[in-house]
1. Exactly which trypsin sites (Lys or Arg not before Pro) in the stretch 91-137 are in a DSSP loop and have at most 14 other Cβ atoms within 10 Å?
2. Quick one: which of 23-33, 133-143 comes out on top by average Cβ neighbours within 10 Å, and what's the full order, highest first?
3. Grab the other residues whose beta carbon is less than 13 angstrom from that of Ala193, score K and R as +1, D and E as -1, and report the net.
4. Which cross-chain or sequence-distant (5 or more) residues have an amide H under 5 Å from the amide H of Ile32, H modelled 1.01 Å from N in plane?
5. Given axes a ≥ b ≥ c from the Cα gyration tensor, I'd like to know whether the stretch 118-212 is rounded (a/c under 1.5), prolate (a/b larger than b/c) or oblate.
Amino acid sequence: MDADASGTVLKRERARDAILEMIESRRPGDAIPSERSLCATLGVSRPTLRAAVDELVATGLLVREHGRGMFVAPAKITQELNSADLALSVPQAAGAWSSRLIEFTTLQAGARVGRKLRMSPAAEIVYVARLRLVDGAPMAIEHLHIRAELVPGLSAEELESGDLYEHLRERHDVHVHEAVQAIEPTVVTRAEASLLDVPELSPALLFERLTSDTTGRPVEYVHSLYRGDRYRIVSRLALGPAAAVEPVEGGHHPGIPPGDFAQREPITSSTRGDIQSGD
């Protein structure tokens, strides 16, 4: 791992979490402190703070207004696709996947991550930033936050080779069961573009996932950035049998013309990753 790059990624991640905490405690349109004020409060440099802010602007969580400052962006429209048993089947994506560590450390969860993992902000997590590669080509940047108590002795080898969930099950007796995942379009910052070997402001997919074990206990919180030119998600949609579903007044499923399904049967979905080969 490059020590300078590693430290920069961690500082930007902590700045990002602190600003997200502010966003989540405010309403759309509320002001966020200035960059100068945030630098002083968070103890980070202006470039590091700006990189974190740029990411949140690109993902539509913050709005910059010239001469006025930064504001919480309007709320996003959310569509949830569930199968009949409220779970999605996610087969492995194509290609030979591997990882290169950028950051691997133990630190306090902090307020936002602690809330997601249902643990004290002072409790320890393992924070991992890694570059995910497919057939040797950079595909994604992952930021993992794992409850430290569950993975004593977690090694760099486990994070760089094989399937992480297999390692959790076989070496740490942690059995993941389900995850809630959100996917949004975004663009990459200069630092992210350098790692992914794409031009700055290239399209990307932002994944946010909270994974739980068989007891319902949160195990990990992850947010990842995938190259938009090489990765896509395919959802298989099928009409289920008629069921007693309360109709939504004036509602319809995005991507499906209103009125096509007059009986409002439920839509089920399974999702898989699909790697697109380069030119």
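Every read-out reported here was derived from the displayed coordinates using simple, explicitly stated rules and does not represent laboratory data. Remember, predicted model here, so these are calculated numbers, not experimental data. Glycine gets a Cβ as well: all are built from the backbone with ideal geometry, and neighbour counts include every protein chain shown.
1. Taking the stretch 91-137 and a limit of 14 other Cβ atoms within 10 Å, the loop trypsin sites (Lys or Arg not before Pro) found are Arg118.
2. Highest mean packing first, the order is 133-143, 23-33.
3. Summing Lys and Arg as +1 and Asp and Glu as -1 gives -4.
4. Those qualifying (amide H under 5 Å, at least 5 residues apart or on another chain) are Met70, Phe71, Val72.
5. Since a/c reaches 1.5 and a/b is larger than b/c, the shape of the stretch 118-212 is classed as prolate.
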